[in-house]
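Each remark here refers to the structure printed beneath this line.
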Amino acid sequence: MKRNLYDEDHELFREVAQEFNSREVAPHYAQWDADHLIPRSLWTAAGGQGLLGLAVPEDLGGMGMTDYRFRAVLDEEFAASNHLAVGLALHLHDDMVLPHLLAYASEDLKQRWLPGMAAGTTVTSIAMTEPGAGSDLRGIRTKAVRDGDDWLLSGQKTFIGNGLSGDAALVLARTDGSTGRGNKDSFSLFMVAKGEGYSTGKQLDKMGLKASDTTELFFDNVRVPGADLVGEAGSGLEYAAGQLPQGRLAIAVASSALARAVYEATVTYAKDRNAFGERVIDFQNSRFVLADVLTEVQVTETYVDAAMLAFNRGELDAVDAAQAKLWASERVKSITDRCLQLHGGYGYILEYPVAQAFLASRLLTIFGGTSEIMRDIVGRSIAR
Ligand SMILES: Cc1cc2nc3c(=O)[nH]c(=O)nc-3n(C[C@H](O)[C@H](O)[C@H](O)COP(=O)(O)OP(=O)(O)OC[C@H]3O[C@@H](n4cnc5c(N)ncnc54)[C@H](O)[C@@H]3O)c2cc1C
């Protein structure tokens, strides 16, 4: 079945993305993987090519693109080429930080941050998770207390992508002085630039997607100007919930593209590899596995494409997004596992794309909300 999500403009944009990926990413990716770091030059190159901050208004240096399919093209290209660490780094900046600023930040904040974000001269992180609280963000302990017109921010975050390489983080902090599990209006969001009292901890040694740096962040009485509060104090959790659909849709898009790429690589491998005088693809088991996988790939694509169109219409709610993420991320996890098996021992060797995809896909059912939390969101909506 042919996909009919994209039109000519998206395919032209895909050509730009593919050319960028082959020129700026492919030759260096293995080195970045070894360094556990994507260099800043990649960000400015992406910005220069018009691949960052697509939704940033034109007068602030972006393209003012509200059609999510252009963002999805980028996600698909980085996932399909097994450069998912680059996709992840850009995702945090463009699918997580940017939508919050676009939706809730003051004009002053937008003018200070968005041009650099679109140009790639400013790299951002989203800092919500803490050592003691991930799924349950009401348990976070990082706090901001008023000090005149400013706020003083203290606490610790963990698992923060772009935390080492970035310039600033969108930080969720408790602002009502409460302890224990907070209320829905106990938290606020701040755009916090690196500076005095803001330090990074050790790089976390991930099993995959190593080129994207992931670190702890520490805030020791960081002075945050009142103007860097995003929107209203006490609305941080509401804002975060409001922007979850885009983040989860993006993970579904990447999952779907990765699943397709792994399927295609496995068909090629199974046609080339021989055993017992036959091609691996000639064993009935291989064909059955691949028949299941192809069907799942197509069902996932169809579902995720529909979710993208719903998002463009402003109709993808939190439950829809949770379902799309749950389905697509669980599918790609299972698909990479079965495709790896068809590679035999080579599937376990990192030089083979399927091994890298297996490690990358393992994150997708955890990050951005675990599958259990997705089921909880969907289950509660059913029980209402
Ligand atoms: C590589 C990587 C990058 C990340 N990047 C970022 C980032 O940039 N910014 C950021 O803020 N965070 C980031 N995260 C954090 C990520 O979003 C969290 O790890 C995730 O939300 C889960 O939180 P947790 O690790 O604290 O697990 P926990 O919340 O401790 O969960 C542990 C287990 O309990 C289950 N569980 C929890 N609550 C329930 C429930 N109510 N019902 C059933 N089961 C439940 C979970 O599903 C899980 O299986 C990243 C994580 C990783 C691994």
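The values are calculated or read from the model by the stated rules, or taken from the named source; none is laboratory data. Just so it is clear, the structure is predicted and the values come from calculations on it, not from any experiment. Every residue, glycine as well, gets a Cβ built from its backbone with ideal geometry; the counts of neighbours run over all protein chains shown. For the accessible areas, the whole protein counts, side chains as well, though only heavy atoms, and no ligand, DNA or RNA atoms are used. Shrake-Rupley method; radii C 1.70, N 1.55, O 1.52, S 1.80 Å.
Here, P(r) means the percent of Cα pairs in each 10 Å bin from 0 to the largest distance; for the chain it is 5, 23, 33, 25, 10, 3, 1, 0.
Coupling constants for the range 320-327 follow from the phi torsions by the Karplus curve (6.51 cos²θ - 1.76 cosθ + 1.60, θ = phi - 60°), and in residue order they are 4, 5, 5, 5, 5, 5, 4, 5 Hz; glycine and proline get x.
Could you check which residue among Q243, Q156, Q284 shows the biggest mean-square fluctuation in a GNM of the chain with a 10 Å Cα cutoff? In the Gaussian network model the winner is Q284. The angle separating the long axis of helix 353-364 from the principal Cα axis of greatest extent in the chain is about 40 degrees.
FRET efficiency for R40 and F283, Cβ-Cβ distance as r, R0 = 45 Å, nearest 0.05?
Values: r = 48 Å, r/R0 = 1.07.
Computed FRET efficiency for R40 and F283: 0.40.
Counted without the sites themselves, the longest stretch of the chain free of GluC sites (Glu not before Pro) in a DSSP loop having at most 10 other beta carbon atoms within 10 Å is 1-195. Identify, among T175, S212, M191, the residue whose Cα sits farthest towards the positive end of the charge dipole of the range 125-234, taking +1 on the Cβ of Lys and Arg and -1 on the Cβ of Asp and Glu, with the dipole about the Cα centre. Checked the options; the winner is S212.
Residue separation of D108 and D147 scaled by 0.36 nm, minus their Cα-Cα distance, works out to 12.0 nm of gained length. Compared with the direct C-alpha span, the chain from D67 to E15 gains 17.0 nm at full extension, assuming 0.36 nm per residue.
Computed from Cα atoms, the angle from the helix 8-20 axis to the main principal axis of the chain rounds to 90 degrees. Per-atom-type breakdown for the chain gives carbon and sulfur 53% of the accessible area (1.4 Å probe, protein chains only).
Once you've got the Cα coordinates, tell me which of K184/K325; K202/K333; K2/K206 are over 31 Å apart.
Details: K184/K325 24 Å; K202/K333 28 Å; K2/K206 36 Å.
Pairs exceeding the cut-off: K2/K206.
Each Lys and Arg contributes +1 and each Asp and Glu -1, all at the Cβ; summed about the Cα centre of the range 238-383, the dipole is approximately 180 debye.
The range 160-191 and the range 317-384 have their alpha-carbon centroids 27 Å apart.
Have a look at G132, G247, G61 and tell me which one the Gaussian network model of the chain (Cα, springs below 10 Å) gives the largest fluctuation. Checking each option, the largest mean-square fluctuation is seen for G132.
Taking the Cα centre of the chain as origin, work out the dipole magnitude from +1 charges on Lys and Arg Cβ and -1 charges on Asp and Glu Cβ, in debye rounded to 20.
Value, rounded to 20: 1040 debye.
A 1.4 Å probe run over the protein chains yields, for the chain, 44 Å² of accessible area per residue, whole-number rounding. Placing +1 on the Cβ of every Lys and Arg and -1 on the Cβ of every Asp and Glu, with nothing else charged, gives the range 227-285 a dipole about its Cα centre of roughly 340 debye.
By a straight-distance test (C-alpha under 20 Å), which aspartates and glutamates pair with K194 as possible cross-link partners, with residues fewer than eight away in the same chain excluded? Counting by Cα, and skipping residues close in sequence, K194 has these aspartates and glutamates nearby: D94, D108, E130, D147, D149, D150, D167, D213, E216, D220, D228.
I want to verify the translational diffusion coefficient of the range 125-234 in µm²/s; compute it with Stokes-Einstein, Rh as the Kirkwood radius over Cα pairs, at 25 °C and 0.890 mPa s.
On the way: Rh = 14.0 Å.
After rounding, the answer is 176 µm²/s.
Once divided by 2.2 N^0.38 Å, the Cα radius of gyration of the range 238-383 becomes 1.16. Sparsely packed loop sites in the range 216-306 (the trypsin sites (Lys or Arg not before Pro) outside DSSP H, G, I, E and B with at most 16 other Cβ atoms within 10 Å) comprise R273. Take the convex hull of the alpha carbons in the range 1-150; its mean projected area over all directions comes to 12.0 nm². Between N274, N82, N312, the GNM of the chain built on Cα springs shorter than 10 angstrom shows N274 fluctuating the most. Please sort by residue number the chymotrypsin sites (Phe, Trp or Tyr not before Pro) in the range 245-276 whose DSSP state is loop and whose Cβ has at most 13 other Cβ atoms within 10 Å. Answer in residue order: F276.
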